[in-house]
Each structure stands twice: as C-alpha cells, then as structure tokens.
Amino acid sequence: MAQNALARERLFALRETIAKLEGKPAPALAAAEREAIASEKTGEIQERNDLGLRLPIGVSPLDEAMEGGLPLDAIIEFRAASSRDAGAASGLAMAVVTWMQKQEEDAGRSLPLLWIGDAVGALEAGRPYAPGLKDFGLKPERFFHAAPRKLEDALWLAEAAVESAAFSAVVMEVRGNPLHFGLTESRRLSLRARAARRPLFLIRQAGAEEASSAALRLRVEPAPSNLRPLPDGSKLAGSIGNPIFRLTLEKSRHPAPFSFLLEWSPHEREFLAVDKPSFTRSPGEKSAHSGAQLPASGHRSHRTQALGAFLAFERAS
C-alpha cells in the first residue's frame, strides 16, 4: 500500500507539471490528489480494523480521535512530563494491557505480557507489585517482569520479545531522553512491531517530546478521582474512587492536540468517559487543615518596624 501511495504521488506530480507547461490550471488535480489520499487512509484504517490490529478503548470520542483505537502493530508512547506523573503513565499502560487481556480472554486466547523495567526509573516510580496488579485487574500469572541493568540490554530484549510474537504486548520503561535511544533505535523497534503485529508500549518517565517512530504518543497526567460508588448508587464517604487519567494526544493524525479525561474501573476492567473532574466532598466532610495552619505569634510589636541601613560587616575605617 505504501508503494501504491508513492506511485500515485509521482503520477499526480507529473500531471501537475504537464498542466503547468500547457498553461492549464491544476486545482482540480490537487483536489483529486487529496481525495485519493484520504480514501487510501480510510481504506488502510478499515483494513487494520478488519485484521484486528486496532484496540478500541470503548469510549467513542477517544476512539474517533485515535482513528478506531490503539494500533496493535506499532509503538504507542505514554509520556509523563515529570517524575510525579510517572505513576499515572504506568497506571494507564497497565490499564491498557489489562483491557487487552480481557479482549483476549473473550476471544479464547491467553498470551502473557512482558514488562521491561528501567533501573533508574524504578528508584523514582518503583516496580510492579503482584497484589497491586491483581487489584488493578491484571492477571499476575500472565505477567513477566524483566529488569535489565543497561539500556542496551533493555532495547535488545524488547526487540527480541516483539519479534518472537510470544507476548500479547511488550511494555518498556525509559527514564528521560537517553542518548542511546533515538530515532534509529525507535525505527528498528517499530519495524519489528509492524512485522510481528504486536504492540510495544513505551513508558517515558520525566521525558520531553522528541522525534520517534511511535504511531501514537499520549501525555498522561493524574486527575482527581471521584468517591467510590456503592452498589446502591450512593458514594462512600472518605474514600478514593477509580483512577482517572488526563490524556493529551501529542502525536497522532488528529489536526490539533486533543485532551480527554479517562477513568479506569478495575472491577469491571473497562474504561469510562469523564465529563469533568469532581472536587466535591461528601456531606459533613472537612478539609484536613480547615483552620489556621500556624498559631498566632505573641510578644511582638503590632506594627512593622521601619527598615534602616544595615551592613554585613563593620566599616574598616
């Protein structure tokens, strides 16, 4: 399909050159070219959906912005701009792979997951915890964790794991913007993912935007959670509800940055749309510091003294 697009582009360029030499207007050719490219893009998306190479999240606005869902034969990057947001990026990646596991179970498949940790990132964000994974909805028995000491080893492991197609997905953590993980390494991993039809989820902790072969890049930030809902529809006072992520599409075919609030339900193992974050408290609930945080000072003048001239040292003469 890429060769057909290249041939069509050359054909339109040749026709436009001939039209210019003959003195004829070429807006119709340009319009036809745009229509052909748009038609090819739609056909490519439909073909990827038919092959099961896209994972719909289940939330219509986000799926439409991602042209049908997350691509399952490419690199998807979850970027945390600062270290304090690393937990949100890891949480979103875990929620996505849990959602994948649920879809595979419904289809009668049960491939494991490989999580490649980062030695430096583990000092800041910690490592996956089996009981916590289970509470989050993930199956620990289908979770493999690797902790390479060097980035080169992590890249080799990620490339081999994706190429083997033995895992439903490979998750790789990267701290910052390392020099040895640039566009060349990203391109090589992207080609492996495309050939094996397996996704590689890249978690970038405290990293800046940079050129890569990722088909999709999402900036992930934590958002306030609602109170935990009870079966009767009421809210449990003093509790913390499901995790909510604030997502921003930084790299996609969407014409402009797209922000969205997404909630993950560990019990149901599904994503939910959030209209706006909730800052309301339950009746009778007060802030932890509702009064003055510091006592009033005593035995001091009620007026501020006038400032004069002060010297750090006495005059030498």
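For every other residue with a beta carbon closer than 13 angstrom to the beta carbon of Ser82, add +1 if it is Lys or Arg and -1 if Asp or Glu, then tell me the sum.
On the way: positive: Arg79, Arg84, Arg175, Arg204, Arg219; negative: Asp85, Glu124, Glu221.
Net charge around Ser82: +2.
When Lys and Arg each count +1 and Asp and Glu each count -1, what net charge do the other residues less than 13 Å away from Ala223, Cβ to Cβ, add up to?
Here the count lands on -1.
What net charge is computed for the residues neighbouring Ile57, neighbours being all others with C-beta under 14 Å from the C-beta of Ile57, Lys and Arg scored +1, Asp and Glu -1?
-3
Under a point spin-label approximation (7 Å from Cα along Cα-to-Cβ), what is the Ala130-Ala273 distance to one decimal in nm?
Taking the two extended label points, one gets 4.0 nm.
Enter the Cα centre distance for the pair the range 50-99 and the range 119-157, rounded to the nearest angstrom.
The range 50-99 and the range 119-157 have Cα centres spaced 18 Å from each other.
Specify whether the C-alpha gyration tensor of the range 57-164 places it in the rounded, prolate or oblate class, a ≥ b ≥ c being the square roots of the eigenvalues: rounded for a/c under 1.5, otherwise prolate if a/b is larger than b/c and oblate if not. Write out the running numbers ahead of the final one.
Working: a/c = 1.42, a/b = 1.28, b/c = 1.10.
Rounded.
Skipping prolines and chain starts, which residues have an amide H placed within reach, meaning under 5 Å, of the one on Phe143, given they are 5 or more residues away or on another chain?
Leu113
The numbers here are math on the coordinates, done by the rules we state, and not lab data. In this text, all values refer to a predicted model and were calculated from it rather than measured experimentally. Quick reminder, even Gly has a Cβ in these numbers, built from the backbone with ideal geometry, and neighbours come from all protein chains shown.
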